[in-house]
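Notes follow the structure.
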Amino acid sequence: MIAALLACLLTVPFASTSDDPPNLVVIIADDLGYADVGFNGCQDIPTPHIDRIAAEGVRFTDGYVTSAVCGPSRAGLITGRYQHRFGSSLNPTIDPTVHNGVPRDELTIAEMLRPAGYTSMAVGKWHLGTFPGLRPRERGFDEFYGFLSGGHDYFAENLTLEDLSEVRKQWDWYRTKLLHNGERVATEAYLTDELSDAAADFVDRAHDGPFFLYLAYNAPHTPMQATEEYLARFPELEGRRKVYAAMVSAMDDGIGRVLDALDRQGVADNTFVVFLSDNGGARNNASSNDPLRGFKRELFEGGVRVPLAMRWPVQLPAGAVYEHPMTSLDIAATIAAAAGEGVASNPDKPLDGVDIRPFVNGRTTDRPYDAVYWWVPNHDEVAIRVGDSKAIEFRGKENQDKPERFLFDLAADASETSNTADREPTAALELIERVRRWTETMVPPAYPALGSWDPTKQ
Ligand code: CA
């Protein structure tokens, strides 16, 4: 132990301590499959840098997001509150003339940290509002480099629109030039590389800290696009899986550059690094959620249980595995608790997440959550996990009288193959009634959904 401490002191002479306000780096992949990182057993796509976060920190086997699609999941993460509390339940329209994101009376993590002296930058995909007042630099971030839409074209030569005002048909918002703070800029590099370099550059500039880097890749979300450099790494793969592998590999390279910047600046020890996907792998990007059932958009585990790892050397153990459910809501709760005095909070809007530290460090063996809830209001779908029991109910327009109901024991059946709702109808009903009561305390969707904006009809 003493030798290890000495080695640490010798190699990192100015290492920060656990008393300083920590830096926060949140890295979000987009539609990445549960099984598509090395730390969850991926065989065909090496992810050494993502795996480093888990190896030097904690791997969560049961890490959840609060929605099976992009926008609502990010709204929950960035506020630390179930997004249904403020109507961010659907993927929002990109129409910049419609109020379409997290309401201004909710605090983002950047807004929480700003009064405590943090500098914050958002890089990549926003998808939390294009309406004036809802954009990154109006939501606590000092800097923004990225795009406001829910997905984007990866090739620089395709980014030809000067602004959303030039969008003439659906999905053309994938082709806007990138925004650097308030300005549209021409770029040359593959989008994932562009975002990685901006993120590493921010660490190099902001390391006097404390800082918050929100690095939201759109990879490996569609469109399936990769450069020859990355495709050439996978000669044994074919078709969409080959392109997907190249897209994930580019992201992993970039995460390596961000981790290198933390090392280079001597701030890695007291930087809380979180890696996760915003939802499960999608059906259309050749991802794998094995052994989980389902994909993005579904409330089976494959839609909401995601690859999740956290590293924070002065606070968390290295090489640990945590198996109780944790959620993306915990990022805000943990950094708010750790950043100390000056962090903004709203007593009327308490955070839903937990400070992960006592749980992961073994100071308590309790489960962090009595229950984890999911709700898809436009499809009338709910799900709940209590202990290892998971219940799901689909009650769409066609089956109001006879809803489709599922009950699983995730401890024995993580793949959700054995539905026991018919055999244990009372247990299933109790759980469904519990999540239904919870939804009644939430608010309905507050904006039109993605795809409702048809620029050809303007
Ligand atoms: Ca997504």
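The values are calculated or read from the model by the stated rules, or taken from the named source; none is laboratory data. Predicted model only: the values in this text are computed from it and were never measured. Cβ atoms come from the backbone with ideal geometry, glycine included; neighbour counts cover every protein chain shown. What goes into the accessible areas is simple: the full protein's heavy atoms, side chains included, and nothing from ligands, DNA or RNA. Shrake-Rupley method; radii C 1.70, N 1.55, O 1.52, S 1.80 Å.
Structural remarks
- Surface accessible to a 1.4 Å probe, Ile356 within the full protein complex, Å²: 0
- Mean separation of Cα pairs under 8 Å and 6 or more residues apart, divided by the residue count, gives region 372-439 a relative contact order of 28 percent.
- A dipole drawn for the chain from +1 and -1 charges on Cβ atoms has a positive end, and of Phe212, Gly140, Asn40 the residue lying farthest that way is Gly140.
- Estimated dipole of region 223-371 in Debye, rounded to 20 [Cβ of Lys and Arg +1, of Asp and Glu -1, Cα centre]: 320
- The charge dipole of region 372-439, taken about the Cα centre with unit charges on the Cβ atoms of Lys, Arg (+1) and Asp, Glu (-1), comes to about 240 debye, rounded to the nearest 20.
- Alpha-carbon centroid distance for the pair region 47-118 / region 404-427, whole angstrom: 29
- Lysine pair number, Cα distance threshold 28 Å (strictly under), the chain, separation 8 or more or different chains: 18
- Based on Cα contacts under 8 Å between residues 6+ apart, the chain shows a relative contact order of 26 percent.
- Accessible area per residue, Å², the chain with all protein chains present, probe 1.4 Å: 39
- Projected label distance in nm at Ala318 and Ala186, using a 7 Å step from Cα toward the beta-carbon: 4.7
- When both region 212-260 and region 375-393 are represented by their alpha-carbon centers, they are found 32 Å apart.
- For Arg293, neighbours were defined as the other residues whose beta-carbon sits under 12 Å from its Cβ, and their charges (Lys and Arg +1, Asp and Glu -1) total -3.
- Förster-model FRET efficiency, 45 Å R0, Gln170 and Asn399, C-beta, rounded to 0.05: 0.90
- Ellipsoid equivalent to region 277-327 - semi-axes via the Cα gyration tensor, in Å: 26, 11, 9
- Geometric extent, Cα atoms of region 22-360 - Rg, Dmax (angstrom): 18.2, 55
- Taking label positions 7 Å along the Cα-Cβ direction at both Asp105 and Asp366, the computed distance is 3.1 nm, reported to one decimal.
- Pairwise FRET efficiency - Asp422 versus Glu138, Cβ, R0 = 45 Å, nearest 0.05: 0.35
- Shape analysis of region 18-98 places it in the oblate category; the axes a ≥ b ≥ c from the Cα gyration tensor give an a/c of at least 1.5, with a/b not above b/c.
- Derived scalar couplings between HN and Hα for region 315-324 equal 10, 10, x, 9, x, 8, 10, 10, 10, 7 Hz in order, rounded to whole Hz, by the Karplus curve 6.51 cos²θ - 1.76 cosθ + 1.60 (θ = phi - 60°), x for Gly and Pro.
- Among Thr426, Met251, Phe359 - extreme Cα towards positive end, dipole of the chain, charges at beta-carbon: Thr426
- Carbon + sulfur, % of accessible area of region 372-439 - ligands and nucleic acids excluded, 1.4 Å: 46
- Membrane-span-like helices in the chain, defined purely by DSSP H runs whose alpha carbon atoms cover 18 Å or more axially and whose average Kyte-Doolittle hydropathy reaches -1.0, are 191-206, 239-264, 425-440.
- With contributions of -39500 (n - 2.57) from each DSSP H run of at least four residues, the per-residue ellipticity at 222 nm computed over the chain stands at -7500 deg cm²/dmol.
- Stretchable slack from Asn346 to Asp260, in nm (0.36 nm times residue separation minus alpha-carbon distance): 27.4 nm
- Surrounding net charge for Pro48, when Lys and Arg each add one and Asp and Glu each subtract one, Cβ distance under 11 Å: -2
- Taking Cα centre as origin and charging only the Cβ of basic (Lys, Arg, +1) and acidic (Asp, Glu, -1) residues, the dipole magnitude of the chain rounds to 720 debye.
- For Ala232, neighbours were defined as the other residues whose beta-carbon sits under 14 Å from its Cβ, and their charges (Lys and Arg +1, Asp and Glu -1) total -3.
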